[in-house]
Amino acid sequence: MTNTLASKVHALNDALPLDSGQVLEHCEIAYETYGELNPEKSNAILLCHALTGDQYVASNHPITGKPGWWERMVGPGNPIDTDRFHVICANVIGSCMGSTGPASIAPDGKPYGMRFPVITIRDMVRGLVGLLDGLGIEKLHAVVGGSMGGMQTLSLAANWPERAQRILVLASTARHSAQNIAFHELGRQAIMADPNWADGAYYGGDAKPDNGLAVARMAAHITYLSEEGLTEKFGRRLQDRDAKSFGFEADFQVESYLRYQGSGFTQRFDANSYLYITRAMDYFDLAEEHGGKLADAFAETSARFCLISFDTDWLYPTAESRHVVHALNATSAKVSFVELNATAGHDSFLLPHDQLDRVVRGFIE
Amino acid sequence: MSTLRFDLAAIADQIGLEKKDARVLDVGCGDGALMAALEAEHGADVRGVELDPVKVERCVSRGLSVVQGDANTDLANYPDKAFDFAVLSRTLQTTNRPDQVLEELLRVAGVAFVSFPNFAHWGTRAALMFGGKMPVTNALPVSWYETENIHHVTVEDFRALVSQKGAKIAREWNFANERAIGSLGANWRAEIAVFQLSC
C-alpha cells in the first residue's frame, strides 16, 4: 500500500536510531511541499500532522480524493501563506502513507507487521529532522502542529532547539494523560480483538482487521468532538426513518455518522499503523524525557512559542496547554497563549475560525 | 512619536530612561499598546499577560508575546527577578488580592510600575457625599454593577500598602484630566496615579 502514492520520498542516509534502543534501517520519509523555498532556505515551515493525518495538507488525498486536511489554513493568501512560505509536510514514520511503517517491506523482503519497532514521538521527529537535513534546511521559519502534530512540534523545540525560530502548537499536550491512554487502549484492543488482525500479519491476505479499526476510529472520533457539537449536529434525530426500529441498526443519526467515519477510515489507514502511532502518543511525556521537569525541556530554546487551545476540547484541555505555558514562563521563553471559544471540541483546530486564523497569521509573520 | 495614553507614556518614558533592552512583564497588557511602544522605541523584550481572549488575540496578531492568564494566579509561574520591570496598569483594583499581586510583581521584577484610579479624587468624594451614589467619573466610567473594579483604592491607601510590604516608592506621577499634576494633595487631586516601586 505504500508505493502507489504520488509524494516525494526522501531516503535517510543512515539508519534511524530509536528511543527503544533499536534502529530503523532504510528509513524513507514521504512528504509534500507547497510554495517556493527561497534561495537562503529561510522561509520553510514544517507542518506536523496528527494521528491519522498525512502529508496531503493542501492537496487532494490520493486515496479518498478529498481536499487536503488543512487547505483553509495553508495555501496562497491563507494564514500560512504559500505565496511567502515553503511549507513541508511529511508522513511520520510508523504511518502508512509512504513513510516507513509496519506495512513497509522489512530487509527480509516481507512486511514488518508487528516486527516493526515501537516508536516514540521523538523518533518521528528524528525522522523529520533527517528529512530537513536531506533538504538542506538548517533553520525553520516555523514548525506548526495540532494534536499529535503539536507533540512533535514541542518535541522538536525541546530536542532540536536550534532548528526552528517559531513554535506553534494547537490543541495539544506535553504528555498523554491516563484518560488519553485509556481511549487509545480501547482502540488498540478493538483492533487486536478482530480475528482478521492475525497478530498483525494480515498483509497480502484476503481480509484486514477493518471491523476492529473502524471501532477504534469510532471511539477516537467521539473524543475529537464535544457534547455540545454532537448535540448541535445530531441531537436525538433518527436516521432515514420516522420511528425507532426496536433493533440494532443505526437508528440515530449519530450512530450512522460514526459508522460512516469508521468504515471510511479503513479505506485509507492501516490498522497496525494505528497501533504503533497511538503507542507513540501514549509514551509521550516531554517532562519525563528531561529529568521530570518540563521547564528543563525548554532550557536551550530561544524560539518564540505560541500555544492555542479550545474551550470545548476535552481530549487535550486548556489546562494541558497552560501546563506547557507555565513551563515556558519558568524558562523566560517568549510565549503566547490563547484559549479560543469553539463548539467543535478537539477538532476545532481544523475548522473555520476567524480568531484562529488571525492568531496563526500574526504569529507566523 | 508616541501616541500612548498619558499614564502608559509616563511608564514607557521612565523605562526607556532607566534601561535599554529592558526585560518587561506587562500584567493586564490589554491590546498591547505599551508593549508595542516599549519594543519599538526602547528595544525592550516584553511579555504580556491578559485575561480577555479577544485582547490576547489582538496582541498575538500584532506579533507580541502575550499569554492569556490571570494576574491573581499566573504570576506564580515566573521565576524570581525574571524581569527588570513589571507593569500593572489600571489592573490592581480588579484583582482578588491586590496585596498578594503586589508582592508577586516585586518578586518577578526588580522594579514595578503600578497605576490605578484614585478613589479619593475630589470628584469621587463629591459624588458619594452629595449624590450618595457610587461615582461614575472619567477614571471610573462604569456603573457599580458592571465594573471590574472590586478593590477601590486611594493614593493614601496604596502608599500605606507599599510601606507595609517593605517596598519603596521611587517615583510617583499623578494625573487629572489626562495631564500631569504635582504630588501635592494628590490624594484629593489625582484621578489616576502611577507609582514606581522597588524592593
- Item | Long-range neighbours under 6 Å by Cβ, at least six apart or interchain, first residue aliphatic (A, V, I, L, M) within region A:253-278, second not in a helix (DSSP H, G or I) | A:254/A:234; A:271/A:209; A:277/A:51; A:277/A:94
- Return yes when residue B:73 is over 16 Å from the mean Cα position of the chain (by Cα), within 24 Å of residue B:184 (Cα to Cα) and without any contact (Cβ under 8 Å) to a residue 60 or more places away in the chain and no when it is not. no
- Message: Anything in region B:66-92 that is surrounded by fewer than 21 Cβ atoms within 10 Å (Cβ to Cβ) and either under 20 Å from residue A:322 (Cα atoms) or away from chain A (no Cβ under 14 Å) (or both)? List them, or say none.
- Response: B:70, B:72, B:73, B:74, B:76, B:77, B:79, B:80, B:82, B:90
- Item | strands (runs of 3 or more DSSP E) within region B:120-199 that include 3 or more residues surrounded by fewer than 17 Cβ atoms within 10 Å (Cβ to Cβ) | B:168-176, B:179-181
- Going through region B:36-63 one residue at a time, which ones are facing chain A (nearest Cβ under 9 Å), in contact (Cβ under 8 Å) with a residue 24 or more places away in the chain, surrounded by fewer than 24 Cβ atoms within 10 Å (Cβ to Cβ) and outside any strand (DSSP E or B)? B:58, B:62
- Message: Just to be sure before I move on: is residue A:275 within 20 Å of the chain's Cα centre (by Cα), away from chain B (no Cβ under 14 Å) and crowded, with 19+ Cβ neighbours inside 10 Å in the structure I sent?
- Response: yes
- Query: Only one of A:171, A:106 is under 22 Å from residue A:316 (Cα atoms) and of a type in the set (Gly, Ala, Ser); which?
  - Reply: A:171
- Within region A:122-142, identify whether any single residue is farther than 26 Å from residue A:283 by Cα and touching an Asp or Glu at 6+ places or on another chain (Cβ under 6 Å), and answer yes or no. no
- Say we look at region A:300-321 and pick out the residues that are closer than 13 Å to residue A:342 by Cβ and of a type in the set (D, E, K, R); which of these is nearest to the other protein chains (Cβ to nearest Cβ)? A:311
- Message: Among the residues in region A:295-303, are any closer than 16 Å to residue B:66 by Cβ, within 22 Å of the chain's Cα centre (by Cα) and assigned to a helix (DSSP H, G or I)?
- Response: no
- Query: How many residues, within region A:236-268, are under 20 Å from residue A:225 (Cα atoms), among the polar types (S, T, N, Q) and either in contact with a helix residue (DSSP H, G or I) (Cβ under 6 Å, 6 or more places away or on another chain) or surrounded by fewer than 16 Cβ atoms within 10 Å (Cβ to Cβ) (or both)?
  - Reply: 4
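Okay, residues lined up against (1) more than 19 Å from residue A:268 (Cβ to Cβ); (2) free of Cβ contacts under 8 Å to residues at least 12 places away in the same chain; (3) outside any helix (DSSP H, G or I):
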position: A:173; (1), (2), (3): yes, no, yes
position: A:182; (1), (2), (3): yes, yes, no
position: A:187; (1), (2), (3): no, no, no
position: A:190; (1), (2), (3): no, no, no
position: A:196; (1), (2), (3): no, no, no
position: A:211; (1), (2), (3): no, no, no
position: A:215; (1), (2), (3): no, no, no
position: A:221; (1), (2), (3): no, no, no
position: A:230; (1), (2), (3): yes, no, no
- Item | Residue list for region A:195-235, restricted to those being out of contact with any helix residue (DSSP H, G or I) (no Cβ under 7 Å at 6 or more places or on another chain) and farther than 19 Å from residue A:274 by Cβ | A:206, A:227, A:228, A:231, A:232, A:233, A:235
- Task: Please state which one of A:106, A:50, A:44, A:11 is surrounded by fewer than 21 Cβ atoms within 10 Å (Cβ to Cβ), in contact with a strand residue (DSSP E or B) (Cβ under 8 Å, 6 or more places away or on another chain) and modelled with pLDDT of 95 or more.
- Result: A:11
- Task: Given the conditions (1) over 23 Å from residue B:158 (Cβ atoms); (2) out of contact with any Cys (no Cβ under 7 Å at 6 or more places or on another chain); (3) in a strand (DSSP E or B), report the number of the one that residue B:66 does not fulfil.
- Result: (2)
- Note on the structure: Looking across region A:326-354 at residues that are charged (D, E, K, R) and closer than 22 Å to residue A:226 by Cβ, the single one that is farthest from the other protein chains (Cβ to nearest Cβ) is A:347
- Query: Quick one: would you say residue A:357 is more than 11 Å from chain B (Cβ to nearest Cβ) and in a helix (DSSP H, G or I)?
  - Reply: no
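The values are calculated or read from the model by the stated rules, or taken from the named source; none is laboratory data. Bear in mind that the values here come from a model prediction, so they are computed numbers and not experimental data. Cβ coordinates were reconstructed from backbone atoms using ideal geometry, including for glycine residues, and neighbour counts include every protein chain displayed.
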